[in-house]
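The values are calculated or read from the model by the stated rules, or taken from the named source; none is laboratory data. The structure displayed is predicted, hence computed values, not measured ones. In this analysis, Cβ positions are derived from the backbone assuming ideal geometry, glycine residues included, and neighbour counts consider all displayed protein chains. Just the protein is used for accessible areas: all its heavy atoms, side chains included, with ligands, DNA and RNA removed. Shrake-Rupley method; radii C 1.70, N 1.55, O 1.52, S 1.80 Å.
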Amino acid sequence: MKKRSACAIGLLALINGPALARDVQFSISNALSACVAIHIRDTSLHASMLLADTVFQLRKSIGECGCRSALVSYDSVTSVNAAQQILQTGLIGINNSGNKTLVLASEQALVADKHIQLRFHCAPAL
């Protein structure tokens, strides 16, 4: 009996996972907006990670926005009990326009309030 209910719960999570990923709302803070436009096309779950299919439209070299390389840092942030919590930090290369998949959270359950703020800025100098 336990095995059957565990399978049912697993199946329910598998079926509802994509819907839950789409329930998350985003705001984007883009310190490089003069050089690159960024928007989220879609979100999905893969191995319980929350992913975002993200479009980067390069307007001009990000070096013209003060970056020392073509690397951009991003932070995925949510709020827990009114305190900011960084879910994920990443580093991506932006040499030209295109799509990239960003990891927003290692587990969707970490997105407590169903809202994520994505912050994009120049990668720190090496």
### Summary
Restricting the stretch 95-121 to residues that are small (Gly, Ala, Ser) and at pLDDT 95 or above, the one least open to solvent (accessible area, probe 1.4 Å) turns out to be GLY98
### Message
Tell me whether the stretch 82-94 contains one or more residues that are assigned to a loop (DSSP other than H, G, I, E, B), touching a residue at least 24 places away in the same chain (Cβ under 8 Å) and open to solvent by 20 Å² or more (accessible area, probe 1.4 Å).
### Response
no
### Query
Given the conditions (1) closer than 18 Å to HIS115 by Cβ; (2) open to solvent by 60 Å² or more (accessible area, probe 1.4 Å); (3) charged (D, E, K, R), and given that ASP75 satisfies all but one, which numbered condition is not satisfied?
(2)
### Message
Every residue in the stretch 11-43 that is within 18 Å of THR89 (Cα to Cα) and either assigned to a helix (DSSP H, G or I) or at pLDDT 90 or above (or both), please.
### Response
SER27, ILE28, SER29, ASN30, ALA31, LEU32, ILE38, HIS39, ILE40, THR43
## Note on the structure
Counted residues in the stretch 58-80 being over 12 Å from SER33 (Cα atoms) and free of Cβ contacts under 8 Å to residues at least 40 places away in the same chain come to 5
### Query
What about SER79, is it hydroxyl-bearing (Ser, Thr, Tyr), within 20 Å of LEU50 (Cβ to Cβ), at pLDDT below 95 and assigned to a strand (DSSP E or B)?
yes
